[in-house]
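Notes follow the structure.
None of the figures in this text is laboratory data; all of them are computed from the coordinates on show. It should be emphasised that the depicted structure is a prediction, and the values quoted were computed from it without experimental measurement. No Cβ is skipped: glycine too gets one built from the backbone with ideal geometry, and neighbour counts run over all protein chains shown.
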Amino acid sequence: MEGLDWQGAIKDIQASVKWLKENGSPKVGVTGYCMGGALAIASGVLVPEVDAVVAFYGTPSSKLVDPSRALAPIQAHFGELDTYVGFADVTAAKSLEEKLKSCGVPHEVHIYPGCSHAFMNTSPEALKNQGAIDLFIVV
């Protein structure tokens, strides 16, 4: 993550959204996991053409973007036991939720009990979180 050109990645997302809309997609959402989740949220602020965002366990650095300036609805998912402090832990999730409340943009922040980082993937560690995966499908 430290080696990523975050501004360049946002430009790539914006170009992709523009291409999709120019080629028949009336609405475009951005989703991502971990670093991609942070980028998805950032695109909901910095890319006006984005219509919706779904992010999993990741929040953007305050140096990149202020989520309280979101333009698109945001749905975010976090694990209660995530240990990526300031990025995907419960404190980061609740901070994101407070910022989104302040901007008036529709949002949902879900925190899944007993789950750690990357709970939606199919690794043996993540599969211990099947209950959260089942909850997500119902959400």
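Only helical runs count toward this figure. For the chain, summing -39,500 (n - 2.57) over DSSP H runs of n ≥ 4 and dividing by all residues gives -12500 deg cm²/dmol at 222 nm.
Taking the C-alpha atoms only, the angle from helix 6-22 to the longest principal axis of the chain is near 70 degrees. Identify all lysines with a Cα-Cα distance to K94 below 25 Å; exclude those on the same chain that are fewer than 8 residues away in sequence. In chain and number order, the partners are K63, K128. Counting only alpha carbon atoms, the long axis of helix 35-46 and the longest principal axis of the chain meet at about 40°. Loop-resident trypsin sites (Lys or Arg not before Pro) (DSSP state other than H, G, I, E or B) in the stretch 13-109 with no more than 12 further Cβ atoms inside 10 Å of their Cβ: K27, K63. The candidate values were (1) 1.09; (2) 1.62; (3) 1.02; the one computed from these coordinates for Cα Rg over 2.2 N^0.38 Å carries the label (3). For the stretch 36-60, the residues whose amide N sits under 16 Å from a probe point set 7 Å from the Cα of E108 along the beta carbon direction are 52-57.
Straight Cα distances below 17 angstrom link K21 to the aspartates and glutamates D12, E49, D51, with same-chain residues fewer than 8 positions distant left out.
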